[in-house]
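A quick write-up on the structure given underneath.
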Amino acid sequence: MELEVRHLRALCAIADTGSLHRAARQLGVAQPSLSTQLRRIEQELGGELFTRTRAGCRPTPLGRVVLSRARPLVAEMRSLVTEARAAAAEGPQLRIGSTASRALSGWLRRLRQRQQEPTLRMDVSANALLRMVADGQLDVAFVHEVEGCPLRVPDGVCLRVLVDREPQFVSLPADHPATARPVVHLSELAGDRWMVDETVDGEFDAVLRMLRTAGLNPRVLHGDYHTTASLVATGEVVTVCQATCLPRPEMAVRRLHGDPLGVRLLLAARTETDLDGVHPALAEAYEEVARQAPAYREWLEQSGTKTRPVPALP
């Protein structure tokens, strides 16, 4: 006989009630049946688990050892059943992973409107999100591939291109002299400190390559997105940013002359059907934020015959 959760539940009931009779009533079985089950469990484990007296049943030393392991397992199984029933009542959830993007909120809103209930896992590492898709931990991931730094796409993962090349812009203090023009030359930023998040796959190497190609060797600091934004606002650093980034009173967003750095925006899933289910909503959300970003909208309108990452803007 192999031990099952029902056997462990029976042992816990006997210990909690201190009586085979009361335990049988609690479990909804006949007392003789429970007594037979207990004997089989004891035979399987090789010793008595309870001392039976007129006063009731008390765990033996072996019984206490078994109960110490059985109780957490029974509790965990009860929790699993509760959570599973709750999830079933809510309906199927769509597990989404994403690197940072202003399109996220619009994408999630549109999915909910289509009766898809998404959960969200954020990560700065696109490669980590792709591995989670391959392992079945995520249903779909929206990721950025930095130009010149190809992502490691696991076997079994399908990709769909949302934007073949989104130019990267520069975020700089609002009172920086270079903000006087809509397009900034890298040479105008030669004396500035740069800050880059090195945990973003490929970004640090790509920024260094861009600066060195321009003949620049500025001091490059390391910092996460939030720290970088704070330091840009106070005039300490400049940084590259997504084209959909919005300016703020203390921070300007400008295009870089010649578009020296770009990213490819990708949607990843395990099947084409999964991609079909979420791609239209993401494309709509991306177009929405592209229209809202002044510098990006201007870039799109002036790009002429270049491939547009969203439908032509009116």
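At a glance:
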read-out	value
The chain: DSSP helices with Cα axial extent of at least 20 Å and average Kyte-Doolittle hydropathy no lower than 0.0	61-90
Probe 1.4 Å, protein heavy atoms only - accessible area per residue of the chain in square angstrom	52
Solvent-accessible area of Asp123 with every protein chain in place, 1.4 Å probe, in Å² to the nearest 10	40
Bins of 5 Å, starting at 0 and running to the largest distance - Cα pair percent for the range 118-177	3, 15, 23, 20, 14, 9, 7, 5, 3, 1
Förster radius 41 Å - calculated FRET efficiency between His222 and Arg291, Cβ distance, rounded to 0.05	0.80
The range 183-213: trypsin sites (Lys or Arg not before Pro) falling in loop per DSSP and having at most 15 other Cβ within 10 Å	Arg193
Residues whose placed amide H lies under 5 Å from that of Val237, excluding near-sequence neighbours	Val232
Size descriptor, Kirkwood hydrodynamic radius, that averages inverse alpha-carbon separations across the chain, Å	24.0
For the chain, built as a Gaussian network whose Cα springs stay under 10 Å, the top-fluctuating residue of Pro294, Pro249, Pro72	Pro72
Carbon/sulfur fraction of accessible area - the chain, other protein chains in place, 1.4 Å, %	51
Label-point separation, Arg22 to Leu45 (7 Å along Cα→Cβ), nm	2.0
Among 96-107, 13-24, the order from most to least packed when residues are scored by Cβ within 10 Å on average	96-107, 13-24
The range 153-276 - convex hull of alpha carbons, volume per residue in Å³	119
Cα-projected label distance for Ala128 with Thr234, points at 7 Å along beta-carbon direction, nm	2.6
Exposed GluC sites (Glu not before Pro) absent: longest stretch of the chain, with sites in DSSP loops and at most 13 other Cβ within 10 Å deemed exposed	5-314
Isolated Cys in the chain, by beta carbon distance under 4.7 Å	Cys12, Cys57, Cys149, Cys158
Antiparallel bridge percentage (DSSP; both residues within the range 132-266; nearest 5)	75
For His257, residues with placed amide H under 5 Å, excluding near neighbours	Val184, His185, Leu186
Residue-wise HN-Hα coupling along the range 117-125, computed from phi with Karplus coefficients 6.51, -1.76, 1.60 (Hz; x: Gly, Pro)	9, x, 10, 10, 10, 8, 7, 6, 8
Inter-probe distance in nm under a simple model that places probes 7 Å from Cα toward Cβ, at Glu284 and Val81	4.2
Rounded to 5, percent antiparallel among DSSP beta bridges of the range 1-156	30
Rounded accessible area of His144 (nearest 10 Å², 1.4 Å probe)	30
Length-normalised contact order of the chain in % [C-alpha pairs under 8 Å, at least 6 apart]	19
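The values are calculated or read from the model by the stated rules, or taken from the named source; none is laboratory data. Here the structure is a predicted model, which is why all the values come from computation and not from measurement. Cβ sites come from the backbone with ideal geometry, for glycine too, and all protein chains shown count toward neighbours. Note: accessible area is taken over every heavy atom of the protein model, side chains too, but ligands, DNA and RNA are not part of it. Shrake-Rupley method; radii C 1.70, N 1.55, O 1.52, S 1.80 Å.
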